[in-house]
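Derivation of every value follows stated rules applied to the coordinates shown; laboratory data play no part. Keep in mind the model is a prediction, meaning the values are calculated, not measured. Cβ: placed from backbone, ideal geometry, glycine included. Neighbour counts: every protein chain shown.
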Amino acid sequence: MAKHTFDNILYYGDNLDVLRKYIKDETIDLCYIDPPFNSDRTYHQLYLNQGKEDKAQAQAFTDTWTWNDAAIKGYSEICSNTNNVFTKQCIEIISGFKKALGDSPLMAYIISMALRIAEIHRVLKDTGGFYLHCDPMASHYIKLVMDSIFCANQGEYRNEIIWKRQNAKGLAFTRFASNHDVIFYYTKTNKFVWNPQYKSHDDKYVDDFYKYTEPETGRVYSLADLTNPNKNRPNLNYEFLGITRVWRWTKTRMEKAYNDGLIVQTKADSVPRLKRYLDEQEGTAIDDIWIDILPVQSQAKESLGYPTQKPESLLERIIQASSNEGDLILDAYCGCGTSIAVAQRLKRKWIGIDITYQSISVILKRLKEHFGQEIIDKTELNGVPKDMDSAVELAHKKDDRVRKEFEKWAVLTYSDNKAIINEKKGADSGIDGIAFMLTGHDEHKQVLFSVKSGSLTLSMIRDFCHVVDRENAAMGLFITLEEPTKPMLKEVKALGNYMNPLTNQEYPKIEIVTIDELLKGKRLNLPQAIKVLKDAESKKKDIDESQMKLL
């Protein structure tokens, strides 16, 4: 395993591979994951579908799950107890699910989760905690898998947390509206980190229970019971202020509290009670129903336009409850990096893993904007191409989950994370990304990207030029793994330049950029740009300019 030389590490790749190759046993204090799941499908489709669905629906890893070679391999690894991380109970549970669900997308999802949950259990310290965020569509299956790995191996189930999202999914014509996510909380052993969390008392609670005010100080208080529920305590059975009871405290302590003004007797024959001052209370202990954390709204300051972005307050509660400063936090599906940003702010170390370069790009941008370049410099990037060999390896991966990752990496790296990725599946008109050049007051023109990893032809340049003309773009950037030929260079030179009316600066109509140049540090150099994070689920053709902001 590679030796970690940084406090923080960001891995670009399949989290199962990363967990197995790089994360050592019992090194993680807290793990949180929010794995992707296609919640928009109906329950009966998930349960009854035996792999007969349109394969075109299974292009992207984050959109859906399919029964394929990876699922078959994963099932075999579980049943053969690869790496000795699966319990007997887990193997039996997975075998039982396979009999019931067959070769279905749901079964593929369960296998994928079981593989990763077992590795997460391995890397957790004995004092570690694990939070798995999912929705009710398959949470009952996942809980059985979690039980079979954690509870069958000296671990403990702690909570099923219900997070009310506020914005209900779907109309309530045929059922109660779906309005919550599920977060399972497990610990590896009974020796775990736990910091109780509190929230402010609501006004009704204060009005109902804190009815008294000290005239001298104005402090608000309630009256609490001083009797002992354990009646078999003869040493605490005595008379105090004319009342004989089994008390919670010794008589000496009771008398001191009374002299300090902390015990009151409202009437001569009433049972003495203890003052509890409102300003000394930590608040109401947080339970397992979380209705006080709103989802990220599009207009919220922390919004990145990321479709499954979770609010920082949600991760803040989890991280504060189950870790301490200096602890190491792992998020194996780090997405837009909310857990990472919160861990950094709360002075924890962190490891993030994601299979898409868009997520890595968003995280790097988020860290830089929130914490400065210093944090980027102190973060190890693992899996991101650093030389031609690794770039070629990424370009030639056959895994459908990373089908367009080479193009995404090239576009986002060359644009310094300022471009939008073209998410269209299928015909994309040769456009892999779009950036923007400011050309006047509130005016801009597109800069188009096309990325090629195979053999080059002169017709590719000409076709791309037609696309640039058709889209009325300022220029096109043709990023290529191979070196361009002399006729190609001659062709782009003959195409001429674009003059920016705002700056009077000229740009080649088509510029060829090689991966070798990109790796050596060449970057897009526009006088000003508009940066946009496109909603990955958006079907819109036009870009909503309300989601842009001027750099």
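Compute the FRET efficiency between residue 374 and residue 469 as 1/(1 + (r/R0)^6), taking r as their Cβ-Cβ distance and R0 = 51 Å, and round to the nearest 0.05.
For residue 374 and residue 469, the calculated efficiency is 0.70.
Got the relative contact order for region 199-280 handy, in percent, Cα pairs under 8 Å and 6 or more residues apart?
About 30 percent, as a whole number.
In the neighborhood of residue 32, defined by Cβ-to-Cβ distances under 12 Å, what is the net charge if each Lys or Arg adds +1 and each Asp or Glu adds -1?
For residues surrounding residue 32, the net value is -1.
From the gyration tensor of the Cα coordinates in the chain, what semi-axes in whole Å does the equivalent ellipsoid have, largest first, with each one equal to sqrt(5λ)?
Over the Cα atoms of the chain, the ellipsoid semi-axes are 55, 30, 22 Å.
Counting only the backbone N, which residues of region 255-293 are under 16 Å from the spot 7 Å out from the Cα of residue 238 toward its beta-carbon?
255-260, 272
Which Cα, out of 148, 373, 212, lies furthest along the positive dipole direction of the chain (beta carbon charges, K/R +1, D/E -1)?
Working it through, the farthest residue towards the positive pole turns out to be 148.
Tell me, what ³J(HN,Hα) does each residue in region 353-368 have, in order and in whole Hz, if you take phi through Karplus 6.51 cos²θ - 1.76 cosθ + 1.60 with θ = phi - 60° and put x for Gly and Pro?
In residue order, the calculated couplings are 9, 8, 8, 10, 6, 4, 5, 4, 4, 4, 5, 4, 5, 5, 5, 5 Hz.
Hey, rough spin-label estimate for residue 135 and residue 520, points 7 angstrom out along Cα→Cβ, what's it come to in nanometres?
Distance between label points: 4.8 nm.
Only loop residues by DSSP count here, and only those with at most 13 other Cβ atoms within 10 Å; note down the chymotrypsin sites (Phe, Trp or Tyr not before Pro) in region 164-234 that meet that.
The qualifying sites are 173, 176, 194.
Let me check I've understood the local charge: for residue 197, count other residues with C-beta under 12 angstrom from its C-beta, Lys and Arg +1, Asp and Glu -1. What total comes out?
-3
List the aspartates and glutamates whose Cα sits under 16 Å from the Cα of residue 164, skipping any in the same chain fewer than 8 residues away.
Counting by Cα, and skipping residues close in sequence, residue 164 has these aspartates and glutamates nearby: 34, 135, 181, 287, 288, 292, 312.
Is it possible to state the helix-based mean residue ellipticity at 222 nm for the chain, with each DSSP H run of 4+ residues giving -39500 (n - 2.57), the sum divided by total residues, to the nearest 500 deg cm²/dmol? What is it?
After summing the helix terms and dividing by residue count, I get -9000 deg cm²/dmol.
Does a label point 7 Å from the Cα of residue 266, set along Cα-to-beta-carbon, have any residues of region 175-215 with amide nitrogen under 20 Å, and which are they?
204-215
Which pairs break 20 Å Cα to Cα here: 365/522; 347/368; 24/365; 408/520?
Going by Cα-Cα distance, 24/365 fall outside the 20 Å limit.
Extension gain residue 207-residue 345, at 0.36 nm per residue separation less the Cα-Cα distance, in nm?
46.1 nm
Work out, step by step, the length gained on full extension between residue 6 and residue 277: first 0.36 nm times the residue separation, then minus their alpha carbon distance; give nm to one decimal.
Residue separation times 0.36 nm, minus the Cα-Cα distance, leaves 92.9 nm.
How charged is the neighbourhood of residue 159? Take every other residue with its Cβ under 13 Å from the Cβ of residue 159, and add Lys/Arg as +1 and Asp/Glu as -1.
Residues near residue 159 contribute -1 overall.
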